[in-house]
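Below: one structure, written as structure tokens.
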Amino acid sequence: MSDLRGMLREATSTRHEALDLRVLAHRPFGTRARYAALVRAHHALFATAAPFYCNATLRGWIPGLSVRDRTALAAQDLDHLGAGPATPLALENSDPECGLGWVYVIEGSKMGGAVLARQAQQIGMTGQHGARHLAPAAEGAALHWRTLVEALNAVPITEDGVSRAIGGAMAAFAAASLIVEREFAAISAAQDGPQE
């Protein structure tokens, strides 16, 4: 058994921290329009990664992978907000090992979902309306994550495969950064309302 999760975390920690800071700088819970931009960013990222959740090899490595896909939940949240769907990016590499890195990033984002969900509640969003994609898994966020980590670490992976998984995680963080900047740049001053 490898420590793939540990290697992915170590390789991406700087990018992860930088992305978190950029998202917070955009004040995603400052107004309803800003929250909609955050949900659009999530939707675009989930939709970009969706092919990995359908990949037969990845589904063999990670039991229950297909039900972890939150693209449809984010789309429902956008509908509730009266916002259109976001445009995903094109994947440059769709091999399964690369997908391990993408899944690590997308699923890792759910660990922060509880914090985001509490902030969303302050502007009237709940796990039933507007924040479905932030709602915790039925078994709880910790067990949901632990199950994924166990599956990642059980993947029979070569050194080259680890490099491709790290490349996938780096690509996922790069895509997330690009999407976040795109979606928040689309908010006009009129939509954004007065600064607080």
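The values are calculated or read from the model by the stated rules, or taken from the named source; none is laboratory data. None of the values given here were measured: they were computed from a predicted structure. Positions of Cβ are generated from backbone atoms using ideal geometry, with glycine treated the same way; all protein chains shown enter the neighbour counts.
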Discussion item. Among the residues of the range 138-187, what is the count of those that are among the β-branched types (Val, Ile, Thr), more than 23 Å from Pro51 (Cβ to Cβ) and under 17 Å from the mean Cα position of the chain (by Cα)?
Written reply: 0
Practice prompt. Could you look through the range 88-137, keep only residues that are acidic (Asp, Glu) and surrounded by fewer than 18 Cβ atoms within 10 Å (Cβ to Cβ), and pick out the one that is modelled with the highest pLDDT?
Written response: Asp95
Discussion item. Regarding the range 65-72, can at least one residue be identified that is out of contact with any Ser or Thr (no Cβ under 8 Å at 6 or more places or on another chain) and hydroxyl-bearing (Ser, Thr, Tyr)?
Written reply: yes
Worksheet item: From the residues in the range 55-71 that are within 16 Å of the chain's Cα centre (by Cα) and of a type in the set (A, V, I, L, M, F, W, C), which one is nearest to Leu4 (Cα to Cα)?
Response: Leu65
Response to the item:
For the range 18-35, pairs from a residue that is part of a helix (DSSP H, G or I) to a residue that is among the basic types (Lys, Arg) and surrounded by fewer than 18 Cβ atoms within 10 Å (Cβ to Cβ), with Cβ under 8 Å and 6 or more apart or across chains, are Arg34/Arg27
Worksheet item: Do you know which of the residues in the range 1-54 that are of a type in the set (Ser, Thr, Tyr) and touching an Asp or Glu at 6+ places or on another chain (Cβ under 7 Å) is surrounded by the most Cβ atoms within 10 Å (Cβ to Cβ)?
Response: Tyr53
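Quick grid of which residues meet (1) part of a helix (DSSP H, G or I); (2) more than 26 Å from Leu4 (Cβ to Cβ):
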residue	(1), (2)
Leu73	yes, yes
Ala86	no, yes
Asn93	no, no
Glu97	yes, no
Val103	yes, no
Arg118	yes, yes
Pro136	no, no
Worksheet, complete the sentence: Counting only residues that are modelled with pLDDT under 95 and not in a helix (DSSP H, G or I), the range 138-155 contains a total of 3
Worksheet item: Looking at Arg40, Arg15, which one is modelled with pLDDT of 95 or more, assigned to a helix (DSSP H, G or I) and over 20 Å from Gly82 (Cα atoms)?
Response: Arg15
Worksheet item: Within the set of pairs 6+ apart or on separate chains, which have a first residue in the range 117-145 that is acidic (Asp, Glu), a second that is outside any loop (DSSP other than H, G, I, E, B), and C-beta atoms under 9 Å apart?
Response: Glu139/Thr147
Discussion item. I'm trying to understand the selection: among the residues of the range 36-61, which are small (Gly, Ala, Ser), closer than 23 Å to Ala151 by Cβ, out of contact with any Phe, Trp or Tyr (no Cβ under 7 Å at 6 or more places or on another chain) and touching a residue at least 40 places away in the same chain (Cβ under 8 Å)?
Written reply: Ala47
